[in-house]
Amino acid sequence: MFKNPNQYMYDARGTKQRVWGKDTTGTILYEFDEFGFRKMNDYSRNPEYTFFGSSLLFGVGVPKEKLFTSAFNCWNFGLAGQYTEQEFIKCYESFKSLELKSKIVFVWRDIVKVPQNILAQEEIYHCLPVYSKEKNHLRLLENLDYDVSGTHWGAKTHSKFSTLLWHFLK
């Protein structure tokens, strides 16, 4: 496996937190695995899908079992708190070095910061905040509900997006 390139999250490895990123409510328990990612990945089995991206993917304010990725055999490398899109790319590059066969999905928060060389790769799927005509692009949903902090997607939005994403990836 590989270390989380986000130092803030890597420093939280092996811990449980009640406050993370924009969620200061203390109602969600965030557990971090030994690599500094939200504890939900089963590293003992190869994932069919591997997700990289933002706090929507991480699931700020949402229990991990309610995240849109919970319906997939996947690894979720969502970053939240203090992070950059370059850290998404570092995660992706580290994952590629593992030489595992997996469909790659990026969840982007800001279209301006999406590296064009990654966006142009047809074998990578992209979830974007804007509409795109590309066949490997899916537009993110507007909030149907909000997480406990009122800043991100809630469980209902995660559920709806999971269904859309399932059909998109098949």
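The values are calculated or read from the model by the stated rules, or taken from the named source; none is laboratory data. This is a predicted model, so every value here is computed, not measured. Backbone-built Cβ (ideal geometry, glycine too); neighbour counts: all protein chains shown.
Across region 90-131, which residue is surrounded by the most Cβ atoms within 10 Å (Cβ to Cβ) among those that are farther than 12 Å from PHE52 by Cα and touching a residue at least 60 places away in the same chain (Cβ under 8 Å)? The qualifying residue surrounded by the most Cβ atoms within 10 Å (Cβ to Cβ) is LEU98.
What are the residues in region 44-68 that are surrounded by 16 or more Cβ atoms within 10 Å (Cβ to Cβ), without any contact (Cβ under 8 Å) to a residue 60 or more places away in the chain and farther than 14 Å from SER159 by Cα, if any? Residues satisfying the conditions are PRO47, THR50, PHE51, PHE52, SER54, PHE58.
The condition (being at pLDDT 95 or above, buried (at least 18 other Cβ atoms within 10 Å of the Cβ) and within 14 Å of the chain's Cα centre (by Cα)) is satisfied by just one residue among LEU165, LEU138: LEU165.
Residues in region 116-160 that are in contact with a helix residue (DSSP H, G or I) (Cβ under 7 Å, 6 or more places away or on another chain) and of a type in the set (Phe, Trp, Tyr): TYR125, TRP153. Set side by side, the residues ARG38, ARG109, ARG45 differ, and just one is basic (Lys, Arg) and within 17 Å of TYR10 (Cα to Cα), which is ARG38. Scan region 1-18 for residues that are surrounded by 13 or more Cβ atoms within 10 Å (Cβ to Cβ), touching a strand residue (DSSP E or B) at 6+ places or on another chain (Cβ under 8 Å) and closer than 18 Å to SER149 by Cβ and the total you get is 3. Being under 22 Å from ASN143 (Cα atoms) and either in a loop (DSSP other than H, G, I, E, B) or acidic (Asp, Glu) (or both) is a condition met by at least one residue of region 45-57.
Among the residues of this structure, ASN41 counts as one that is more than 18 Å from ASP147 (Cβ to Cβ), out of contact with any Lys or Arg (no Cβ under 9 Å at 6 or more places or on another chain) and either in contact (Cβ under 8 Å) with a residue 40 or more places away in the chain or in a loop (DSSP other than H, G, I, E, B) (or both). Right, GLU34: assigned to a loop (DSSP other than H, G, I, E, B), without any contact (Cβ under 8 Å) to a residue 60 or more places away in the chain and touching a Gly at 6+ places or on another chain (Cβ under 7 Å) or not? Yes, satisfied. Answer yes if at least one residue in region 19-35 is buried (at least 17 other Cβ atoms within 10 Å of the Cβ), over 23 Å from ASP110 (Cα atoms), at pLDDT 95 or above and of a type in the set (Ser, Thr, Tyr), and no otherwise. For region 19-35, residues buried (at least 17 other Cβ atoms within 10 Å of the Cβ), over 23 Å from ASP110 (Cα atoms), at pLDDT 95 or above and of a type in the set (Ser, Thr, Tyr): present. Checking each residue in region 132-146 for being touching a residue at least 60 places away in the same chain (Cβ under 8 Å) and among the hydrophobic types (A, V, I, L, M, F, W, C) picks out only LEU140.
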